[in-house]
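To start, the structure itself, in structure tokens.
The values are calculated or read from the model by the stated rules, or taken from the named source; none is laboratory data. Note that the structure is a prediction, hence the values are computed from the model and not measured. Counting neighbours? That spans all protein chains shown, and the Cβs are built from the backbone with ideal geometry, glycine included. These accessible areas exclude ligands, DNA and RNA; they are computed on the full protein's heavy atoms, side chains included. Shrake-Rupley method; radii C 1.70, N 1.55, O 1.52, S 1.80 Å.
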Amino acid sequence: VGGAYALMHTALHPLFVAKTIQQTTSAKKNTLTVLKELTTQGGLYRGFGTTVASAISSKLIYYAALDKSRSFCYDLLMPMHMKEERHSRIARECGHIGATLLSQIVSTPADVVSISDNYLPNS
């Protein structure tokens with residue numbers, strides 16, 4: 001699973017960069033134009049190391065927060081007196097949501113900073 005995640009992240013990095021450039025600049029360019037410009041300006045993978053470090057740290061945060069988040073949700077739902085199977089399922093999903101939110105708090109700003117530092121003008 002980790003290898004598939006790394007391969008996907010590596011393959012999609014240029015598209016993430018193009019999307020961020022499109023969202024943060026006033027020039028309205030299509031994705032192919034942005035990718036062509038990136039290729040001629042020094043590569044599609046500049047700043048990729050920072051993105052990888054961000055992805056690893058966000059996964060660590062996710063897995064560290066997952067168990068705590070699940071047990072917090074489980075305890076929070078206890079007064080509702082539902083069937084055990086439903087209680088566990090809702091707590092598990094709530095735990096995944098909480099862990100995802102915590103991990104994204106770290107990874108999204110780090111990715112945007114990495115891309116803006118490496119690709120956007122005047123940064």
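Key figures for this structure:
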| item | result |
| --- | --- |
| Computed FRET value (nearest 0.05) for R92 with Q22, which takes r as the C-beta separation and R₀ as 41 Å | 0.65 |
| List M8, M80, ordered by accessible area with a 1.4 Å probe, largest first | M80, M8 |
| Reduced Cα scattering model of the range 48-117, Debye log10 I(q)/I(0), q = 0.12 Å⁻¹ | -0.40 |
| Label-point separation in nm, Y5 to L101, each point 7 Å along Cα→Cβ | 2.1 |
| Charge dipole (the chain, unit charges on Cβ, about Cα centre) - positive-most of A27, T108, L60 | A27 |
| Rounded to the nearest 20 debye, dipole of the range 32-97 from Cβ charges on Lys, Arg, Asp, Glu | 100 |
| Tilt relative to the chain, helix 84-119 - C-alpha long axis, 0 to 90 degrees, to 10 | 20 |
| Solvent-accessible heavy-atom area per residue, rounded to whole Å², over the chain at 1.4 Å | 66 |
| Karplus 3J(HN,Hα) series, Hz, for the range 48-63 with 6.51 cos²θ - 1.76 cosθ + 1.60 (x for Gly, Pro) | 5, x, 5, 5, 5, 4, 5, 5, 5, 5, 5, 5, 4, 5, 4, 5 |
| Point-to-point label distance, T50-M82, nm (Cα→Cβ direction, 7 Å offset) | 4.2 |
| Isotropically averaged projected area of the chain, using the convex hull of Cα atoms (one quarter of hull area), nm² | 9.7 |
| The chain: angle of helix 31-40 to the longest principal axis, Cα-based, in degrees nearest 10 | 60 |
